[in-house]
Amino acid sequence: MEFNWSRVLEVLQTSKATLDVKLLLMQHLKLVGISLAIAVIIALPVGIMLTRPGFKRFLPRVMGILNISQGIPSLAVVAIFLPLAGIGTFPSIMALTLYALLPIARNAIAGIEAIDPNIIESARGMGMPASMVLWKIELPLALPVIMSGIQTAAVVTVGTATIADLIGGGGLGRLIFTGLSFFEPELIFLGSALAAVIAIVIDQLLNLANRLLTTPKSE
Amino acid sequence: MDVIQYFIKQSDRIFTYTLNHASLIMIGILCSLVLWISVGIAVRNNSKSANAVLGVGSFIMSVPSISLYGILMVIPGLGLSRTSAVIGLVLYSMLPIVRNVYMALNGIDPSIIEAARGMGMKKRDILWKVQLPIALPIIFAGVRVALVMMVGTATLAVYIGEQNLGRLLTHGIERTHSEMIITGAVMVSAIAVLVDYLMGYLQRKLVSPGIRSGADKSASGKVRYNGI
Amino acid sequence: MIHLENVEKKYTQMERPAVKDLSMEIKEGEICVFVGPSGCGKTTTLKMINLLIRPTGGKIYINGRDVQKQNPDRLRQNIGYVIQQIGLFPHMTVYNNIATVPRLLGWNEKRIKGRTDELLELVGLDPDENRHKYPNALSGGQKQRVGVARAMAADPPIMLMDEPFGAVDPIVRAQLQNELLNLQRKIKKTICFVTHDIDEAIKMGDKIAIMNDGRLVQYDTPENILFAPANPFVEEFVGFDRALKVLNLLEVGTVMKTNIVTANPADSIEDIENKLKKYKNNYIAVTDDKHRIYGYVNKQELNIPKDEEWHKRIRKFSTTLPLHATLKDALSEMLQYDIAVIPVVNENNELAGIVSMKALRSYIGEAYEDEENAELPDIKVSRRRGA
């Protein structure tokens, strides 16, 4: 395919609805933002709950399922929502949320399980109520790992959102798939490059946030 | 059910797709192993280069795979070809494999290395006879992650010209053909899970009983992966 | 103060109970040491007192109240708890670690600040230097001290300590033990202490509870455990060097001879002669007018009856012992200097008494001579506290 750089610039400046890059960019970010937020709201509490004494017995089974599901390709997850929920923003968000649940839940569980049990024992032994132990000890100590999980989920979601256009979600995928349909490499490149840039920027931002939030336990 | 009927009717095509999927992955993993294990070994003693390499790998991982294919596609000389697809697969397995090789080699109890040197073993022998065998479980775990990921990445390689199971999904979506989508989704998921399980089994069998660790659970671990 | 009645702990997966039929009473202000081989149930027992483990049978009372009927968190807020691995919160400063329980109890920050400084001083750490440090900047010994300070923060009347000094090296351990004993002299808490080290038990305990296989084998004073072991298990557990262990338990003050004849450099040879005759000794200790130790003279080296220059033959004692030295120290010095007597002096170097090898041997010998009819020696046993 021939590649024309001026065409790229042209597309960037266009305001035609189907190719309005700014609009698609916003759409993409919205998809990612909403799905990630929902995923965090669901996966974090569930993950934390599974580490509580009452629910610990479910943990191995759930972890097993989570680990197996990790291998399922994102295209499959996105595609399956078509027969299930049709096309549009809503099915897209559902697919993205589902896919993001995994890394968040897994890291929440791993982060809490990794805490030195002696710390918990001395906290309980001092008379610290269980809820306080969770909020003041376990969560702060597990925070880096939890944040890392959210970071992973964010990057993955940016990626999955790129193919959400297949089921009508819009976003930068629109550029890519339009380019593929009409044999316009410039569009493909533009969509791809922008998605890549967003993914990297979000990754770096969250990385920074992670480092800022973590208490200076080391000197 | 309609899906099963579809499956039976299209079994020839599905079979071809599966073969293509498998052959792509096999080429991909072979290239990855040769390339990334070598890189991992090369940087094992140099933390600066290791960090640089891991940074690059991490960077690549953040890029959505379809974007990667999109960019590869426009590079003159590549375009829509199996080569591009393989390059995509290989680039994605950089991080899991290099990282695990590096961590495994550096995570060995230093007293073991010291004992080997004290016995008069040459650096080369130490690498091949002591370090790599001990590092094997962790390296294997990294390969397992990469391989499972590849099942997914290969699915999207249909956009760069491949004719594999991803086609069932993409065509299914285009034509709103539910049976096709479901067949496709089930097949790729099943293959991904199967590969994971088999690798886990192999891991247990191949690794010396003396160093079996928690690494033989499923393809989990701290590797951040982009399963697209 | 702490009353255990037929306490039992049985885990469902295990055949034999971890703790069976345990009844004992721990008096207020005492250090009770639980000791025994691994798996004997000592830690399990300790953890049942603050309900970290729930008994499957029996009752535990603290000051008459059944612990199982109390809110566990509130119960534990009034009991100090120290474990071997300490468990300091790595994401909090030393100050915040120590402030934990006081904050739970609602103290105001000013009071907490005062208390933390007080505690840090008490455990031998400079408050200004250490308050803001994080645990990973502390040495093992320092971490232990912060752990103890944290447990004492709200000034609980009871402390539970599970091998608190196990994770540090022997020198630091001895220091920490002495410091705890010193502390206990000032603030009499009721302490339950678990260890697997019989020497530590003897050193620290007012009472020792020897456990084996979930049962209480002997609950007695250290002296009784050493002199009157209840059965062969206790004997063996205590060790065949029981005699030496007793030596470490007693201070020289108990066996020293106090009515010693002393001479003064100003005495005449006749005075010396009289004194020697009166007390039938082969030597005589010489002290100055303030009764401070000077040296000694041997009878053989004197020219009795005429020796005007006897004071030139005063020899110095090779070594002396302080009042709080143990018999073990005495024996050690005697062997080292190859001497049979050592004077005991107080802080002002005044002669308090004399310890002789003969007295030492007869003392120990008497105690073990006839084990069946072993009577406790008729000596008031004082304890070595903080060196």
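Among the conditions (1) surrounded by 15 or more Cβ atoms within 10 Å (Cβ to Cβ); (2) assigned to a helix (DSSP H, G or I), the only one that C:I342 does not satisfy is (2).
Can you tell me which condition A:I41 does not meet? The list is (1) more than 14 Å from every other protein chain (Cβ to nearest Cβ); (2) in contact with a helix residue (DSSP H, G or I) (Cβ under 7 Å, 6 or more places away or on another chain); (3) among the aliphatic types (A, V, I, L, M), and all the others hold. Unmet condition: (2).
Candidates B:V188, B:V145, B:V193, B:V151: the one that is more than 22 Å from A:G179 (Cβ to Cβ) and more than 7 Å from every other protein chain (Cβ to nearest Cβ) is B:V145.
Scanning the range A:87-128 for residues that are facing chain C (nearest Cβ under 8 Å) and assigned to a loop (DSSP other than H, G, I, E, B) returns A:D116, A:M126, A:G127, A:M128.
For (1) at pLDDT below 90; (2) in the same structural domain as C:A201 (by TED's automatic domain parsing); (3) more than 30 Å from C:I202 (Cβ to Cβ), each residue gets a yes or a no:
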residue: C:T45; (1), (2), (3): no, yes, no
residue: C:G58; (1), (2), (3): no, yes, no
residue: C:R76; (1), (2), (3): no, yes, no
residue: C:I86; (1), (2), (3): yes, yes, no
residue: C:H91; (1), (2), (3): yes, yes, yes
residue: C:L122; (1), (2), (3): yes, yes, no
residue: C:K133; (1), (2), (3): no, yes, yes
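Checked against the criterion of being surrounded by fewer than 16 Cβ atoms within 10 Å (Cβ to Cβ), more than 14 Å from chain A (Cβ to nearest Cβ) and either at positive phi or touching a strand residue (DSSP E or B) at 6+ places or on another chain (Cβ under 8 Å) (or both), the candidates C:D126, C:D169, C:D197 yield just one match: C:D197. Return yes when A:S131 is more than 9 Å from every other protein chain (Cβ to nearest Cβ), hydroxyl-bearing (S, T, Y), under 30 Å from C:G106 (Cα atoms) and surrounded by fewer than 24 Cβ atoms within 10 Å (Cβ to Cβ) and no when it is not. For A:S131, the condition - more than 9 Å from every other protein chain (Cβ to nearest Cβ), hydroxyl-bearing (S, T, Y), under 30 Å from C:G106 (Cα atoms) and surrounded by fewer than 24 Cβ atoms within 10 Å (Cβ to Cβ) - is met. Those helices (runs of 4 or more DSSP H) of the range B:1-109 in which 1 or more residues are modelled with pLDDT under 85 and surrounded by 22 or more Cβ atoms within 10 Å (Cβ to Cβ) occupy B:65-74. Only residues that are in contact with a Ser or Thr (Cβ under 9 Å, 6 or more places away or on another chain) and within 13 Å of chain A (Cβ to nearest Cβ) were counted across the range C:131-146, and they come to 6. Scan the range C:161-172 for residues that are over 17 Å from the mean Cα position of the chain (by Cα) and under 21 Å from C:K186 (Cα atoms) and the total you get is 0. Contact map, the range C:44-73: residues that are away from every other protein chain (no Cβ under 14 Å) paired with residues that are in a helix (DSSP H, G or I) and crowded, with 16+ Cβ neighbours inside 10 Å, Cβ distance under 8 Å, separation 6+ or inter-chain. Pairs shown: C:P55/C:M48; C:I60/C:M48; C:I60/C:I49; C:I60/C:V67; C:Y61/C:V67.
For the range A:151-183, the set of residues classified as closer than 30 Å to A:A114 by Cα and surrounded by fewer than 24 Cβ atoms within 10 Å (Cβ to Cβ) consists of A:Q151 only.
The conditions of being modelled with pLDDT under 70, assigned to a helix (DSSP H, G or I) and surrounded by 13 or more Cβ atoms within 10 Å (Cβ to Cβ) are met by C:A367.
Which of the residues spanning the range B:129-170 are of a type in the set (K, R) and in contact (Cβ under 8 Å) with a residue 40 or more places away in the chain? B:R144, B:R167, listed by residue number. The set of residues in the range B:154-178 that are facing another protein chain (nearest Cβ under 10 Å), within 13 Å of B:Y17 (Cα to Cα) and not in a helix (DSSP H, G or I) contains only B:L165.
For C:A149, the requirement of being assigned to a helix (DSSP H, G or I), within 14 Å of chain A (Cβ to nearest Cβ) and modelled with pLDDT of 90 or more is met. Those strands (runs of 3 or more DSSP E) of the range C:1-117 in which 1 or more residues are farther than 26 Å from C:P135 by Cβ and either among the acidic types (D, E) or in contact with a Leu (Cβ under 7 Å, 6 or more places away or on another chain) (or both) occupy C:2-9, C:19-26, C:31-35, C:57-62. In this structure, is A:G88 of a type in the set (G, A, S), over 25 Å from A:L143 (Cβ atoms), without any contact (Cβ under 8 Å) to a residue 24 or more places away in the chain and surrounded by fewer than 22 Cβ atoms within 10 Å (Cβ to Cβ)? Considered against the rule, which asks whether it is of a type in the set (G, A, S), over 25 Å from A:L143 (Cβ atoms), without any contact (Cβ under 8 Å) to a residue 24 or more places away in the chain and surrounded by fewer than 22 Cβ atoms within 10 Å (Cβ to Cβ), A:G88 comes out as no.
Report yes if some residue within the range A:135-144 is under 18 Å from A:L75 (Cβ atoms), surrounded by fewer than 22 Cβ atoms within 10 Å (Cβ to Cβ), free of Cβ contacts under 8 Å to residues at least 60 places away in the same chain and more than 9 Å from chain B (Cβ to nearest Cβ); otherwise report no.
no
I need the full set of residues from the range C:291-331 which are modelled with pLDDT of 80 or more and of a type in the set (D, E, K, R), in order please. Listed by number, the residues that qualify are C:R292, C:R315, C:K316, C:K328, C:D329. Apart from one condition, A:G47 fits all of (1) closer than 27 Å to A:V197 by Cα; (2) crowded, with 16+ Cβ neighbours inside 10 Å; (3) away from chain B (no Cβ under 12 Å); (4) not polar (S, T, N, Q); the exception is (1). Hey, does the range C:84-98 have a residue that's under 24 Å from C:I26 (Cα atoms) and touching a residue at least 40 places away in the same chain (Cβ under 8 Å)? Yes: one or more hits. For the range A:168-187, residues that are closer than 20 Å to B:G166 by Cα, within 7 Å of another protein chain (Cβ to nearest Cβ) and either modelled with pLDDT under 85 or under 19 Å from the mean Cα position of the chain (by Cα) (or both) total 1.
Sort out which residues of the range C:172-217 are assigned to a strand (DSSP E or B), among the hydrophobic types (A, V, I, L, M, F, W, C) and over 30 Å from C:E15 (Cβ atoms), and write them in order of number.
Taking the range C:172-217 as the starting set, the residues that turn out to be assigned to a strand (DSSP E or B) are C:190-195, C:207-212, C:215-217.
From what is left, the residues that are among the hydrophobic types (A, V, I, L, M, F, W, C) are C:191-194, C:208-211, C:216-217.
Residue satisfying the conditions is C:I191 alone.
Those helices (runs of 4 or more DSSP H) of the range C:221-268 in which at least 1 residues are in contact with a Pro (Cβ under 7 Å, 6 or more places away or on another chain) and of a type in the set (D, E, K, R), considering only elements entirely within it, cover C:232-238. Residues in the range B:169-220 that are within 12 Å of B:F140 (Cβ to Cβ), at pLDDT 70 or above and among the hydroxyl-bearing types (S, T, Y): B:Y201 alone.
The values are calculated or read from the model by the stated rules, or taken from the named source; none is laboratory data. Only a predicted model underlies this, so the values are computations on that prediction, with no experimental measurement involved. Cβ sites come from the backbone with ideal geometry, for glycine too, and all protein chains shown count toward neighbours.
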